[in-house]
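See below for the structure under consideration.
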């Protein structure tokens, strides 16, 4: 019998959810969802009560079993623009076990250039076009974030417009225990199952594993809010990807590309971006 489909973009924790659904329904016993993996990819042959699949991608082989072009979708994980930085960090870290941690600056450019995972392939090929220093790497990361934000937002809207989706769940609900348990219970009911095994402990482990990405997301959003309100916020310890995302948020707010910094400001009060013009650099 064909199972209902849980459709999700990489990085939105569909693997985690599908395993929680099988365990909480009592269909399988509890197990370590992660094992030695970064993502919840352990025990690939557990008994599913829902198929967890990605949207069909024309750039990939239609024979890849994790992709589907089926129109009828039982459950779809949606997200908002403000979720995308966290999603992107997780995609490169855990999606397909790419194992590229963007929150580690040490040898970041080298690790991007040498990573052979398909998820990182485009990054690896493009980064060589940027200066081989922190400024060049930060500029590259800003361009990457700009592109992937747009791509994922467009992809989500395409799924909503072209699929027959029965039930939509929200990415944000993964990060608050009560909301997550309610989401799991509701999904089980719609699948014809009951919540028989409590999985609160598994959610605690999920949040623990997500902490570095959650905290980075909070730092960037707090800095952007401080910049908007002309408030002090220390940027001296910001990582390259955090600086890149902050600049991306500023560009989205201003509506134009800003000039690259020769030396990144240490405080949001010193962030006085200038519109980028060819051959012109903003001087601190």
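The values are calculated or read from the model by the stated rules, or taken from the named source; none is laboratory data. Computed from a predicted model, the values in this text were never measured in an experiment. Positions of Cβ are backbone-derived with ideal geometry, glycine not excepted, and every protein chain shown enters the neighbour counts.
Out of all the residues in region 215-240, which are assigned to a helix (DSSP H, G or I) and either more than 22 Å from residue 34 (Cβ to Cβ) or in contact with a strand residue (DSSP E or B) (Cβ under 9 Å, 6 or more places away or on another chain) (or both)? Steps first, please.
Let us first name the residues in region 215-240 that are assigned to a helix (DSSP H, G or I), namely 215-228, 240.
Passing the criteria: 218, 219, 220, 221, 222, 223, 224, 225, 226, 227, 228, 240.
For residues that are touching a residue at least 12 places away in the same chain (Cβ under 8 Å) and loosely packed, with under 15 Cβ neighbours inside 10 Å, scanning just region 117-133, find the one that is nearest to residue 80 (Cα to Cα).
118
Looking at (1) closer than 27 Å to residue 206 by Cβ; (2) not in a strand (DSSP E or B), find the lone condition where residue 113 falls short.
(1)
Yes or no, residue by residue, for (1) closer than 18 Å to residue 91 by Cα; (2) modelled with pLDDT of 95 or more; (3) part of a helix (DSSP H, G or I):
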{"residue": "166", "(1), (2), (3)": "no, yes, no"}
{"residue": "186", "(1), (2), (3)": "no, yes, yes"}
{"residue": "197", "(1), (2), (3)": "no, yes, no"}
{"residue": "202", "(1), (2), (3)": "no, yes, yes"}
{"residue": "213", "(1), (2), (3)": "yes, yes, yes"}
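State the number of residues belonging to region 106-116 that are surrounded by fewer than 16 Cβ atoms within 10 Å (Cβ to Cβ) and in contact (Cβ under 8 Å) with a residue 24 or more places away in the chain.
First, pick out the residues of region 106-116 that are surrounded by fewer than 16 Cβ atoms within 10 Å (Cβ to Cβ): 106-107, 110, 113-114, 116.
Then drop every residue that is not in contact (Cβ under 8 Å) with a residue 24 or more places away in the chain, which leaves none.
Counting residues in region 106-116 that are surrounded by fewer than 16 Cβ atoms within 10 Å (Cβ to Cβ) and in contact (Cβ under 8 Å) with a residue 24 or more places away in the chain gives 0.
Residues being under 18 Å from residue 204 (Cα atoms) and free of Cβ contacts under 8 Å to residues at least 40 places away in the same chain: count how many of those fall in region 2-28. Before you say what the answer is, go through the steps one by one.
Narrowing region 2-28 to residues under 18 Å from residue 204 (Cα atoms): 12-24.
Remaining after also requiring free of Cβ contacts under 8 Å to residues at least 40 places away in the same chain: 15, 18-19, 22.
Looking only at that region, the number is 4.
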